[in-house]
Each structure stands twice: as C-alpha cells, then as structure tokens.
Amino acid sequence: MTTIATAPATPSLRAGLELERLGPGFGAIVHGIDLRRPTEVQMEQLRGALVEHKVLFFRGQDLADADQVAFASRLGKPTAGHPVAATAAAHAEIYPIDSTDPEFSFSDEWHTDVTFMQTPPAASVLRAVRLPDTGGDTSWADSQLAYESLSEPVRRLVDGLTAVHDGNREWGAYLRRHGGRGNEWDGRTVTGLTPVEHPVVRVHPVSGRRGLFVNPGFTSHIVGVSDAESRGILDLLYAHLTKPEHTIRHRWAVGDVGVWDNRSTAHYANRDYTQPRVMARVTIRGDRPVGPTT
Ligand SMILES: O=C(O)CCC(=O)C(=O)O
Ligand SMILES: [Fe+2]
C-alpha cells in the first residue's frame, strides 16, 4: 500500500482566519468574517493574508458605501476615490465604477491602480453593487510569481530598469473635458498628469519579494533604451505577467468584496457584458515604489 502525501485540505486556518485558496499561486476566499465589524486581531491577520495571498475575496458582505469606507479605514488610510475622476457625492473615498455613467471607461486593459502617480495605492477594496446576469468577471495577475518565473538573465536585466508611467494615456481626455481640473491625490488637487518614473521591479515594502511593476494600462516606456527595445521588453514582460498560470479570475456575486495588494498584482475587468454593471472602489494610501538595490 502506498501513502500519498496530500496538500493540506482547504479551507485552511491562517492564524484564525479561514482561507480557501484559489490555486497554488495566489488568491483566497476568506470565510467567517463580517467586514462591518472585524476585530483588531482579524484586521491584523487580514493585513498579513493580503501580503501573502495578494487577492482576498469576501462573499455576501452587503456593505453600504459607508461600511466599505469604514472597513478600508481599518485596513489603512483611504485615499481620495480617484486622482482624476469624480467620486461619490456623499463619500469622497468611493470611486464609483458604473457602466451606465456616460463617462465610464472600461478597464479592459491589464493595469495596476494609479501607477501614474508617484504614490500608487497599496491596496484596493472593490465591491460588487449591480451585476449583469452573466459576464463582468475580473482577473488578477501575480507580478511576484511572474518575476520569479523569469529566467535569471532576464531578471537581472529588468532589475536595473526604470519605466515611465503616464496617466494621460487613460485620463488625459477626461481631464481636458473637465477644464484641466481633476480630483485629489496626496492632499493636492490634480490639475495635470506629469509622467512619473518607477522601478520596473518593485521590492515589496512588507515581504521584500520582488515583482514586475509595469503595466500596459499606464506604463509608456522604459527609460534609457531605444523605442524598439522598450516595446520589445515591455511586450515580453506583459505576455509573461498575464500567462494563465500567473492569473486568477473572479465571478462576482452582488455583495462580494475583493481586496488586492496593488503592490504585487495587476488586474483586468472582462468586457463581455451588455447589461449594467456597477462596482464601488476604495483605495488605500501606498508608498513610493522602491526597486532592488543590488
Ligand atoms: O470593474 C472591475 O472589475 C475592476 C475595475 C478596476 O480596474 C478597479 O476597480 O480598479
Ligand atoms: Fe483597476
């Protein structure tokens, strides 16, 4: 008789939190927590689980806008809802993502939130408010898994690179339509989107793990190389980042909340629906990205 060693059954307990892993790489559903009244111990565990699992889902939470802002405030310090786009009338921290809004723009391009600012959010909290009968899933990619599965010579190449991120690609036209006056970021009114530089490889401030920190939504080019080289390198990194084994996909139900570590992931909203879809997002203030020093 042979004994076959099996992986621990899911859901598993991570220091008291009940986590159901979504795959071998990253992503988990968190059971047994009410996001309207988490204890401080649960919040501490959630912060750790977020760094480790990168994307966490909470089913059947039915949060109101105020509950979502209150939960995000326990996780960290909420930013204004968006640096450019208008936010919810009653809650400046809520960025409504509403497909019925005439100014709605689909997020059907892989991106990491707000990397066109010097201090992109550390995390995002997204809630499903209204969903089409089918479709409208969101996908995430794990940028640390992607970095770690590159060959060593390519890791060495990208470790030393810097990239420019330009918010005008996505938000320039919106800003012009609004007379050049955007919203707010880091306590300042945004009146223009000056391109910013970030390391191509980001060292996670908590775990120290390295991850790819470029995305097709906001990265315009790599500094100090030719246009052709920049395009070639970025295309290689994007194709690698979004390989199926580096991604997960979530089928939303109304009341679901998804939280992702925006320092180690990218995401994509599937544009395959024809009925209204409304989501509400709160982002948590983050640090200026730091690259490897060796
Ligand atoms: O609508 C979605 O599923 C995601 C949209 C998005 O990119 C975001 O919330 O940051
Ligand atoms: Fe996003």
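The values are calculated or read from the model by the stated rules, or taken from the named source; none is laboratory data. Keep in mind that this is a model prediction, so the values were computed, not measured. Positions of Cβ are backbone-derived with ideal geometry, glycine not excepted, and every protein chain shown enters the neighbour counts. Remember, those area values only see protein heavy atoms, side chains included, never the ligands or the DNA or RNA. Shrake-Rupley method; radii C 1.70, N 1.55, O 1.52, S 1.80 Å.
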Note to self: It is to be established whether one or more residues within the stretch 246-262 are away from ligand 1 (no atom under 15 Å from the Cβ) and not in a loop (DSSP other than H, G, I, E, B).
What the structure shows: yes
Next item on the list: For SER230, work out the one condition from (1) open to solvent by less than 20 Å² (accessible area, probe 1.4 Å); (2) polar (S, T, N, Q); (3) within 16 Å of ligand 1 (Cβ to nearest atom); (4) over 24 Å from ALA72 (Cβ atoms) it doesn't fulfil.
Entry: (3)
Check: Among ALA86, ALA70, which is open to solvent by 20 Å² or more (accessible area, probe 1.4 Å), away from ligand 1 (no atom under 16 Å from the Cβ), hydrophobic (A, V, I, L, M, F, W, C) and out of contact with any strand residue (DSSP E or B) (no Cβ under 6 Å at 6 or more places or on another chain)?
Finding: ALA70
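List the strands (runs of 3 or more DSSP E) that sit entirely inside the stretch 49-168 and contain at least 2 residues that are out of contact with any Cys (no Cβ under 7 Å at 6 or more places or on another chain), more than 16 Å from ligand 2 (Cβ to nearest atom) and more than 26 Å from LEU35 (Cα to Cα).
Working: elements: 55-58, 95-98, 123-130, 138-142, 162-165.
Answer list for the stretch 49-168: 162-165.
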Check: For the subset of the stretch 275-290 comprising residues that are open to solvent by 20 Å² or more (accessible area, probe 1.4 Å) and away from ligand 1 (no atom under 15 Å from the Cβ), which member is nearest to TRP185 (Cα to Cα)?
Finding: ARG285
Notebook entry, point to check: For residues in the stretch 132-170 being surrounded by 18 or more Cβ atoms within 10 Å (Cβ to Cβ) and of a type in the set (Ser, Thr, Tyr), which is nearest to ligand 1 (Cβ to nearest atom)?
Noted result: THR138
Check: Which members of the stretch 169-193 meet the condition of being within 16 Å of THR119 (Cα to Cα) and either touching a Ser or Thr at 6+ places or on another chain (Cβ under 7 Å) or part of a strand (DSSP E or B) (or both)?
Finding: ASN183, GLU184, TRP185, ASP186, ARG188, THR189
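Results for (1) hydroxyl-bearing (Ser, Thr, Tyr); (2) under 26 Å from PHE71 (Cα atoms), shown as yes or no for each residue.
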{"residue": "THR265", "(1), (2)": "yes, yes"}
{"residue": "TYR268", "(1), (2)": "yes, yes"}
{"residue": "THR274", "(1), (2)": "yes, no"}
{"residue": "GLY286", "(1), (2)": "no, yes"}
{"residue": "THR293", "(1), (2)": "yes, no"}
Check: Out of all the residues in the stretch 211-225, is one or more within 16 Å of ligand 1 (Cβ to nearest atom), closer than 20 Å to VAL125 by Cα and open to solvent by 30 Å² or more (accessible area, probe 1.4 Å)?
Finding: no
